[in-house]
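Report on the structure given below.
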Number of protein chains: 4
Amino acid sequence: MKPVARRLGLGVVGLGRLGKRHAENLAYRVPGATLAAACSPMEDELAWARETLPEPPHGPHLYADYADLLADPQVDAVWLVTPSSLHAQQIVDALRAGKHVFCEKPLSLEVAECERVLAEAARYPHLQATIGFMRRFDPSYKDAFDKIAAGQIGRPFLVRSQTTDQNDNDGFFVRFAATSGGIFLDCTVHDIDVARWLLGKPRATRVFAAGTVALHEGLREFGDIDNGVAICEFEGGKLAMFYASRTQAHGNDSHSEVIGTAGGLTIGRNPRANRVEIYDASGIRNECTPNFFDRFEDAFLHEARAFVASVQIGAGEGDGAQSGATLADALEATRIGVALRESLQSGQAVTL
Amino acid sequence: MKPVARRLGLGVVGLGRLGKRHAENLAYRVPGATLAAACSPMEDELAWARETLPEPPHGPHLYADYADLLADPQVDAVWLVTPSSLHAQQIVDALRAGKHVFCEKPLSLEVAECERVLAEAARYPHLQATIGFMRRFDPSYKDAFDKIAAGQIGRPFLVRSQTTDQNDNDGFFVRFAATSGGIFLDCTVHDIDVARWLLGKPRATRVFAAGTVALHEGLREFGDIDNGVAICEFEGGKLAMFYASRTQAHGNDSHSEVIGTAGGLTIGRNPRANRVEIYDASGIRNECTPNFFDRFEDAFLHEARAFVASVQIGAGEGDGAQSGATLADALEATRIGVALRESLQSGQAVTL
Amino acid sequence: MKPVARRLGLGVVGLGRLGKRHAENLAYRVPGATLAAACSPMEDELAWARETLPEPPHGPHLYADYADLLADPQVDAVWLVTPSSLHAQQIVDALRAGKHVFCEKPLSLEVAECERVLAEAARYPHLQATIGFMRRFDPSYKDAFDKIAAGQIGRPFLVRSQTTDQNDNDGFFVRFAATSGGIFLDCTVHDIDVARWLLGKPRATRVFAAGTVALHEGLREFGDIDNGVAICEFEGGKLAMFYASRTQAHGNDSHSEVIGTAGGLTIGRNPRANRVEIYDASGIRNECTPNFFDRFEDAFLHEARAFVASVQIGAGEGDGAQSGATLADALEATRIGVALRESLQSGQAVTL
Amino acid sequence: MKPVARRLGLGVVGLGRLGKRHAENLAYRVPGATLAAACSPMEDELAWARETLPEPPHGPHLYADYADLLADPQVDAVWLVTPSSLHAQQIVDALRAGKHVFCEKPLSLEVAECERVLAEAARYPHLQATIGFMRRFDPSYKDAFDKIAAGQIGRPFLVRSQTTDQNDNDGFFVRFAATSGGIFLDCTVHDIDVARWLLGKPRATRVFAAGTVALHEGLREFGDIDNGVAICEFEGGKLAMFYASRTQAHGNDSHSEVIGTAGGLTIGRNPRANRVEIYDASGIRNECTPNFFDRFEDAFLHEARAFVASVQIGAGEGDGAQSGATLADALEATRIGVALRESLQSGQAVTL
């Protein structure tokens, strides 16, 4: 495709581990876009930007303050890779400044705050606002979506999906537990979005969750767990089962399965690192993707390209598979995730 | 191993589809045993026995009546492959007649009746009574048990297990629904037993179940479903997730997964029919085991051999992996299965 | 099936490692047959038989001398598991004594001797003589044969097949090298037979072979190698590629592939030990079959049953897939194997 | 990494199917490079470039004539995706014009012409000249190379490698047969390069090849085949087996295997299209990569990035795994490929 003459100016906000990856994608690998600005309150992150990203005049303006970035006329859209607790207000600010918004998941850990953002966004129907559930852009998930849409498995009625990380003995996520919202809001939201997306966006009616601390005792003080399981019932007899884990030995094993009346399919069930198989005294094996970024590297890139293309053609929300998760999708993911946490804590099923 | 001079005399009771398979195994493939008797109230089943099983003097005495078989002094142990509703009383009758008992699962669909059998069996400690959860004898399940026991995956804390049948448009199981006890008591009991066995027989504390009718509307009048999912919490933070289905397109896909603190393993995750892979315009594929008997053919045979060996060496109940499910195991499977059905019907978690 | 009244009396000759396996199969697992006699010149092997096999009157007569076994009127068929150099004469002796013959491969390491046996066997058309290329009876190979016969891959024109053993540091096969005939006659004969069987028994026209000593230097003095590769051209543009190895790290990995004009198939390409997959820090893996007996355990059993059934119904040679390799098949395997050895030694293609 | 201030100016020559892919990569996806020029004698290909590639001043100058492109001072390196028969002279012309050269394989179908290019290139040691054996840059092949270099499989001594295309009933390659050099020079050169690269660049000593026409009778008039097999012996007892096919039903199945003294590994043995597995009445299957570009899409991109990086840091030839195939590597691939064709035609082994 030929890029339009005017490149879309993007402003990335937050240059932590994931922010850096986004910034590099936006700077070098998204035709039709230019990384116009980058923002971080951390001097070392800005130093990284100065060293790694293109130099002016082609490189991004660097800001320590979000308000300054919003004031930059070269910025057509903001790309938020900031702490979850900031997402909602930053989205609202961006919309008010006339910018399109891409924001990493979750929209918010609070249902009410999600609703507030949706209400505000309704006032700016000409602006895109997308939440980064990147699995929708993974080529294999996309292929599965297309096959289901083409009727290859009949009517889909059950999704099994999991987000499971390789065990991290440093316990980063234990320290993160205070603000993560718990394993279901941090990890399972991806699976919730996958399930809704692949089942045709049914409304959830009831959930049940359970969990355990297998290795990381430090989670107990936050009421959190390192392995959780859940069932979600949707209207129309549709079902989902979820598994989330922080303690896998073999790698990041985030995969999904969809079962329909005429067949089923799995996406990524063996999280192969690549196409190599090794034969030795331990048998025949493949190595696994160590973390979610390795697994979903392509998805992050396709997600960015799709967002830019979507803004350029002026697509509205909800234009189907090609577009990412809408604010409404993100609200539903948070609503279900919050209910899962409530079920975990109460030991009871929660009706939505 | 050298068989002892005196072969164990077995009396198979019930010669339906599964009973015939057991009878052939017992007649031809179990060293140390002899098929001394067979019993069925159906004339066509007895005719099958006359044609297929060895002839006297080496072949079995044939009976139309269970009481007559129990009176046969050549019968050391009975092998019950009868309707579930008869199991409990037939076991009691066999024990009272001084016979060891192997009985197909389930022990009973009623917890109280299970308990009655246990109480009676306690009076005959010298007699074996085993319920046929054959997966324990499948070589792959056995290998998994051994690997877990050897600590290869650390401390196991989560089992995911499923019993899923290829769709049968004839709807045999719809007609069977009135007496099957529902999908959880009919199918998931296998997974319950697998989970308890592989997790070290923890006590279940709470369950939740949900389900749907994907294809077989006729099940609704029985309050039954054709696809069900469930979570079972055990003491000590152990967990299980179950899936049962009557509607798979690709075959009988009964498999299990065990996750531990240092690794995990799956048993039969791709239900390959054999070692052939086919390449054609549809891709690369393997065919799947069409039904549980094809999948567990070896397990049924090993189960029979283990029972015979166990009686011959006079093993008591609960001697570990080598022995099959005890009456107490079967009681637990029924107790949990009944709770799953109750949860399905109430929409609430059920505490055990 | 119902066994006929008169069981076929079998006499096993040779009770080495493989002979013991055959003897146990014949004694306990082949309906319609009885192990009437066993023969070994080694006292310790006869002692094993006395301890392990059924006792008289049901157990076999034991002989130290082959001539005595041939004189036993209870023996209807002999089962030769003896050193290769004895096969030809023992087959002739058995036929002259009026016995059917099953003989482990190879028929002989010499083409002329193979031809002599065929000439003699032609005088006894009522007697069965089968050479034990057991892969034909492996359920997966059988399924592949049936799929090809049904046209599922179009016209088959290329077979790739390998016989590769797990490395044995004890070097048994080095000591065995003096009499094995070399790696192609010892191992590749299986692949030759598979290729001919699956390609419709075409005539070989030209071969080329090459090889190397990867680990076992002791083979050099015998002109032998521990890894060999070969190409065999057949009439009608059909082709085969072979690989033989003594040095695999992961197990016995004997597998085959057939490519046709409309598809292809592989048999056993991943030599899974069973249905277990293990997840740990090294990735996801399956263990492999350690040796050919583990891989082909079922094949040996089906082979024995098929032989017995074939004799009982009076089948002649060449009755298709169900029957094993004929003497003519074995002659061809030896002829091609000898040509491969000649090509290895000369470095030139050999025309047949 | 931070690009240097001065971007490397690339000039792509040839805008056929593969040339278009290269041009898009060079224009949009290679940091540090700019597509300065493009050349094709075909007006429709230039029209494609005007529509698809960036516009001036950022886009490439377009030329109908190669000499004009060589005269463009913005062009630092040429990227030849032209007919094989033109490669040698175009490389020489580029070197004489002071340009670095990347050229699609093969260097030439004639050994003498390869040697002429090497002699000429020796006069320009400061210029890079690389032949596009892209598999070296496929992430899985790269991982295999690294694992072997790290000793994970011991000493590698056998490579099995294949290049097999999905059958094309249009018969493009039949029309192409007159100039392709035959299946071994067209396809197997990739496998030859892989084998040499993974075995430590040993010298080939003898080859043997055979083949057949399975489907495309039109090849016979060119002395070509649609399925070919070959063995290549290297010094030091190293071996390779090759398979090339134009007639696969399931897709492009180009894969390799390396066997060492302590293990082995395969690269791409199941040519999965992606991470989706489908369950239906035909079993469990994955779709396959339809053609080499889908299979090696990443490899082409990494190849381009590596070439640019290599020129920018002034790397000389032969700097190991990171660099692509040298002219000397390409000469060896042609030398062996020519010998394979000669062996096919003569029916004899060919000594090198």
Whole-Hz ³J(HN,Hα) for each residue in region B:212-227, computed from phi via Karplus 6.51 cos²θ - 1.76 cosθ + 1.60 with θ = phi - 60°, x for glycine and proline: what do you get?
8, 9, 7, 9, 9, 4, x, 6, 4, 5, 9, x, 9, 9, 10, 9
In units of 2.2 N^0.38 Å, what is the alpha-carbon radius of gyration of region B:231-284?
1.57
Chain D, relative contact order in percent, only Cα pairs under 8 angstrom and at least six apart counted
19 percent
Which whole-percent values make up P(r) of region B:80-150 when all C-alpha to C-alpha distances are grouped in 10 Å steps starting at zero?
20, 43, 24, 13, 0
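Which of rounded, prolate, oblate describes chain D, given a ≥ b ≥ c as roots of the alpha-carbon gyration tensor eigenvalues and a/c under 1.5 marking rounded, otherwise prolate only if a/b is larger than b/c? The partial results should precede the final answer.
Working: a/c = 1.41, a/b = 1.36, b/c = 1.04.
Since a/c stays below 1.5, the shape of chain D is classed as rounded.
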For the D-to-A rotation axis, chain D residue with nearest beta carbon and its distance in angstrom:
D:Arg29, 3
Per-residue mean of C-beta atoms belonging to partner chains within 10 Å, peptide B:341-348:
2
Using a label point 7 Å beyond Cα on the Cα-Cβ vector, give me the inter-copy distances for C:His126 in nanometres, one decimal, shortest first.
5.7, 9.5, 10.2
For q values of 0.04, 0.06, 0.07, 0.09 Å⁻¹, compute log₁₀ I(q)/I(0) with the Debye formula on a Cα-only model of the protein assembly as shown, without solvent.
-0.28, -0.64, -0.86, -1.31
Quick check: Cα centre of region B:31-92 to Cα centre of region D:184-213, how many Å?
66 Å
Under DSSP H, which helices of chain D have Cα atoms covering 20 Å or more of the helix axis and a Kyte-Doolittle average no less than -1.0?
D:297-312, D:327-346
222 nm mean residue ellipticity, helices alone, for chain C (DSSP H n ≥ 4; -39,500 (n - 2.57); rounded to 500)
-10500 deg cm²/dmol
Charges at C-beta only: +1 for Lys and Arg, -1 for Asp and Glu. How large is the resulting dipole of region D:98-155 about its Cα centre, in Debye rounded to 20?
200 debye
Considering only C:Asp191, C:Asp93, C:Asp224, give the residue with the highest GNM mean-square fluctuation for chain C, with springs between Cα atoms whenever their separation is below 10 Å.
C:Asp93
Where the centroid of each part is defined by its Cα atoms, how far is region D:295-312 from region A:125-149 in Å?
29 Å
Hey, for C:Gly347 with labels 7 Å out along Cα-Cβ, what do the inter-copy distances come to in nm, ordered shortest first?
2.2, 8.2, 8.4
Using eta = 1.567 mPa s and T = 4 °C, Stokes-Einstein with Kirkwood Rh from Cα pairs puts D for region B:1-134, in µm² s⁻¹, at 87 µm²/s
For the pairs A:Lys105/A:Lys238; B:Lys105/C:Lys20; C:Lys201/D:Lys142, note any where the Cα-Cα span goes beyond 32 Å.
B:Lys105/C:Lys20; C:Lys201/D:Lys142
Translational diffusion coefficient, Stokes-Einstein: compute it for region B:260-352 using the Kirkwood radius over C-alpha pairs as Rh, at 25 °C and 0.890 mPa s, and state it as an integer in µm² s⁻¹.
139 µm²/s
Please find the FRET efficiency linking D:Arg29 to B:Tyr28, where r is the Cβ-Cβ separation and R0 is fixed at 56 Å, and quote it to the nearest 0.05.
0.25
Using a simple spin-label model with points 7 Å from Cα along the Cα→Cβ vector, what separation in nm is obtained for D:Ser85 and B:His58?
7.8 nm
How large is the Rg to Rh ratio of region B:104-207 when both quantities use alpha carbon positions and Rh follows Kirkwood?
1.01
Between B:Gly132 and residues 5 or more places away or on another chain, the pairs with built amide H atoms under 5 Å apart involve B:Cys103, B:Glu104, B:Lys105
Ignore the peptide's own chain and count Cβ atoms of other chains within 10 Å of each Cβ in C:204-212; give me the average, rounded.
5
Inter-chain shielding of C:156-162 (mean C-beta neighbours from other protein chains, 10 Å cut-off):
3
A:Gln348-C:Phe176 FRET efficiency (beta carbon distance; Förster radius 60 Å; 0.05 resolution):
0.30
What's log10 of I(q)/I(0) for region B:163-279 at q = 0.20 Å⁻¹, Debye sum over Cα points only, no solvent?
-1.11
Correct response: the longest run of chain C lacking exposed trypsin sites (Lys or Arg not before Pro), defined by DSSP loop and at most 10 other Cβ within 10 Å, is C:124-352
List, shortest first and in nm to one decimal, how far the label point of B:Arg96 (7 Å from Cα along Cα→Cβ) is from its counterparts in the other copies.
7.0, 8.4, 10.9
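Read-outs throughout are calculated quantities, based only on the coordinates presented, and are distinct from any laboratory measurement. If you're wondering where the values come from, they're calculated on a predicted model, not measured in any experiment. Every residue, glycine among them, receives a Cβ derived from its backbone with ideal geometry; neighbour counts consider all protein chains shown.
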